[in-house]
Amino acid sequence: MYCVKCGVRLQDGVDRCPLCATPVWNPDQPEKEHGYPDHYPRAHKESNLPFAVTMTVISIMAIVVILAVCFKLYGKLLWGGYAIGGVALFYIIFVLPCWFRKPLAEVFIPAGHVAAALLALYICLKTGGHWFLSLAFPVSGISCLLFTAVVCLLKYIRRRRLFIMGGFLLGLGGFTMLIEFFVHLTFGVPMFRWSLYSMIGFAAAGGFLLLAGMIPALRRTLEKHFFF
């Protein structure tokens with residue numbers, strides 16, 4: 001019998017290696033004789049409830065302070081509406097999921113996009129703008145569909161993650177071009193001032209992942225180092 005760590009030969013009946021003090025493991029013994037538990041302990045996961053409670057109290061205090069300052073100084077809401085909307089958006093995106101033990105990303109991602117779209121609509125109406133329907137609404141809608149789709153695919157499809165991420169990066173590159181297109185329609189600015197470069201970058205990264213998914217050696221390397 002030999003030590004499993006340093007390889008030194010052991011005498012019969014010893015409990016530890018005399019060289020490195022590693023406990024002796026005899027492969028011929030039944031597993032229960034080693035004193036190992038019959039089951040592994042569950043992974044410990046800290047609760048997010050204290051963070052959710054703390055941030056809820058802070059958010060409520062922030063809203064109260066904003067309202068008090070605005071009505072004390074101006075007698076009306078003014079800029080406070082934007083600030084309260086920002087606090088609400090932060091709460092919905094970062095704090096609200098913490099109230100749940102297993103928050104569903106496919107639920108909270110659309111909820112965050114809806115909240116962002118409502119805040120954009122409020123700002124547009126308060127400032128007398130005309131950019132919500134031609135810019136904010138389609139951008140938030142496409143972003144919601146894109147990110148919800150990739151999260152659902154990664155969650156429910158265990159394999160082909162390189163193809164999923166590659167397709168997502170290609171879609172993200174196309175999305176940047178759509179953003180500039182909607183800006184062009186809304187404000188009349190020239191096209192292809194920045195989105196073409198981002199599209200090239202995302203397309204290169206996405207194409208690399210798609211190619212890696214088709215080459216076994218490269219796929220195994222990426223799966224090993226990046227857990228795809």
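Against the chain, whose longest principal axis is taken from its Cα atoms, helix 161-187 shows a tilt of about 10°. About its Cα centre, the chain has a charge dipole of approximately 360 debye under the convention of +1 per Lys or Arg Cβ and -1 per Asp or Glu Cβ, with nothing else charged. Taking the alpha-carbon centroid of each part, what is the distance from the range 96-127 to the range 69-89 in angstrom? Cα centroid to Cα centroid, the span is 19 Å. With the helix formula -39500 (n - 2.57) applied to DSSP H stretches of n ≥ 4, the chain reaches a computed 222 nm mean residue ellipticity of -20500 deg cm²/dmol.
What do you get for the angle between helix 216-226 and the principal long axis of the chain? Use alpha-carbon atoms, 0 to 90 degrees, nearest ten. Between helix and principal axis, roughly 80 degrees. Angle, helix 137-156 long axis vs. longest principal axis of the chain, Cα atoms, 0 to 90°, nearest 10? Rounded to the nearest ten degrees, it is 10. The slack in the chain from Ala149 to Val114, taken as 0.36 nm per residue of separation less the alpha-carbon distance, amounts to 11.0 nm.
Using 0.36 nm per residue and subtracting the Cα-Cα separation, the extra length available between Arg16 and Met191 on full extension is 55.7 nm.
Going by a ≥ b ≥ c, the root eigenvalues of the Cα gyration tensor, does the range 94-194 fall in the rounded group (a/c under 1.5), the prolate group (a/b larger than b/c) or the oblate group? Oblate.
Based on the alpha-carbon gyration tensor of the range 157-228 and its eigenvalue square roots a ≥ b ≥ c, which shape applies: rounded if a/c is under 1.5, prolate if not and a/b is larger than b/c, or oblate? Prolate is the answer for the range 157-228, as a/c is 1.5 or above and a/b outweighs b/c.
Scanning residues 5 or more positions from Thr22 or on other chains, those with amide H under 5 Å from its amide H are Cys17, with H placed 1.01 Å from N in the peptide plane. Shape class of the chain from the alpha-carbon gyration tensor: oblate, with a/c at 1.5 or above and b/c at least as large as a/b. Across the options Leu154, Ile58, Ile200, the greatest Cα extent toward the positive end of the charge dipole of the chain (unit charges at beta carbon of Lys, Arg, Asp, Glu) belongs to Ile200.
Rounded to the nearest 20 debye, the dipole size of the range 126-208 about its Cα centre is 440 debye, using +1 on the Cβ of Lys and Arg and -1 on the Cβ of Asp and Glu. In this structure, the pairs whose alpha-carbon distance is over 32 Å, taken from Lys102/Lys126; Lys102/Lys224; Lys72/Lys126, are Lys102/Lys126.
Taken together, the values in this text are just the output of simple stated rules run on the coordinates, not laboratory data. Treat the numbers as computed from the prediction; the structure is a model and nothing was measured. In this analysis, Cβ positions are derived from the backbone assuming ideal geometry, glycine residues included, and neighbour counts consider all displayed protein chains.
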